[in-house]
1. Does I227 satisfy the condition of being outside the structural domain of F117 (by TED's automatic domain parsing) and open to solvent by 20 Å² or more (accessible area, probe 1.4 Å)?
2. Need the failing condition index for A42 against (1) open to solvent by 10 Å² or more (accessible area, probe 1.4 Å); (2) assigned by TED's automatic domain parsing to the domain that holds V142, just the number.
3. Would you list the helices (runs of 4 or more DSSP H) that sit entirely within the stretch 128-216 and hold 1 or more residues that are open to solvent by less than 20 Å² (accessible area, probe 1.4 Å), modelled with pLDDT of 95 or more and not β-branched (V, I, T)?
4. Scanning the stretch 105-124 for residues that are more than 11 Å from the ligand (Cβ to nearest atom) and either assigned to a loop (DSSP other than H, G, I, E, B) or in contact (Cβ under 8 Å) with a residue 60 or more places away in the chain (or both), which turns out nearest to R212 (Cα to Cα)?
5. Could you pull out the residue among P59, P72 that is open to solvent by 10 Å² or more (accessible area, probe 1.4 Å) and either more than 22 Å from D12 (Cβ to Cβ) or modelled with pLDDT of 95 or more (or both)?
6. Residues in the stretch 90-107 that are open to solvent by less than 10 Å² (accessible area, probe 1.4 Å) and in contact with a Lys or Arg (Cβ under 9 Å, 6 or more places away or on another chain): how many?
7. When you check A79 against the structure, is it more than 12 Å from the chain's Cα centre (by Cα), more than 13 Å from G139 (Cα to Cα) and away from the ligand (no atom under 15 Å from the Cβ), yes or no?
Amino acid sequence: EPLLETKRFGRDYHFYASLPSTNRTAKELARQGAPEGTVVLAEEQTEGRGRLGRGWYSPPGLGVYFTVILRPAVPLSLAPQVTLLASVAVCKALETVAGVQPQIKWPNDVLLNGKKFCGTLTELNAEMEAVNYLVVGTGINVNQGPDDFPGEVANVATSVHATTGEKVDRARLLAALLRSFEADYDHWLTSGFDRLRVEWLERAAGMGKTVRVIAGQQEWVGKAEGIDSDGALLVRESGGELRRLISGEVSLRPE
Ligand code: ATP
């Protein structure tokens, strides 16, 4: 029985025992013309990245680290929706394969019991206000035990195994992730963001709660109220004004 049930995602793939970063290699391949759906997969990353230049700890044997190249013919302004749809696709795959109920912390973290086990990082290349290519990287802590995290992340990190007590077959999980991701991406291309917005909100962590918004040097506190039809986060300031946040440079902390 074939593992991979996709049409395009993962049909071209590049596997490496070790890479600095799957996103970095995917960007090189995209520049060289690699087709949509090309996957870069690494058993470990030595310089895995999160947002804003932060590191993503990616040890061998325990996690799944991969990047998909996308070439949607859409304006630049729709690109942030891809980060949100990737998080939804990860949740749905994990719900099916591992029977867990992940939550999403805007914009790109996926949580189990309030701790991070997955991050996605979308990077963009644009020409003339239109997307040329996107690379969407996903790092998932799969079979780590509670003691397998380094000190800096031990308090904030978890894994699928640490949550369920079961070991997950990583090849099967990757196949499910690619299937889920392709289905949601194709839905987005043909039908837009509406259904994905609902599915995102069903899994959203922290809605209705007070959050600290950190945007460069600026910090303020407000109440997270949802996401709008574009995927921007809606946060109500103490003065009553509703602000729209685009994912680029903004971080949220519980307050
Ligand atoms: P934001 O809330 O703005 O997304 P973040 O700190 O969650 O900020 P990310 O870019 O999403 O930033 O992820 C990088 C951060 O995740 C690192 O700074 C580290 O604290 C944490 N981290 C690194 N590796 C792992 C891992 N394997 N599992 C869980 N958390 C990790």
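The values are calculated or read from the model by the stated rules, or taken from the named source; none is laboratory data. Remember, it's a predicted structure, so these values are computed and weren't measured experimentally. Every residue, glycine as well, gets a Cβ built from its backbone with ideal geometry; the counts of neighbours run over all protein chains shown. When the accessible area is computed, the model is the full protein with side chains, heavy atoms only, and any ligands, DNA or RNA have been set aside. Shrake-Rupley method; radii C 1.70, N 1.55, O 1.52, S 1.80 Å.
1. The answer is no for I227.
2. Of the numbered conditions (1) open to solvent by 10 Å² or more (accessible area, probe 1.4 Å); (2) assigned by TED's automatic domain parsing to the domain that holds V142, the odd one out for A42 is (1).
3. Per the criteria, 170-191, 194-202.
4. Here the answer is G114.
5. The conditions single out P59.
6. 5
7. yes
Residue-wise test of (1) outside the structural domain of D228 (by TED's automatic domain parsing); (2) more than 16 Å from the ligand (Cβ to nearest atom); (3) over 17 Å from the mean Cα position of the chain (by Cα).
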{"residue": "N141", "(1), (2), (3)": "yes, no, no"}
{"residue": "N155", "(1), (2), (3)": "yes, no, yes"}
{"residue": "T158", "(1), (2), (3)": "yes, no, no"}
{"residue": "D169", "(1), (2), (3)": "yes, yes, yes"}
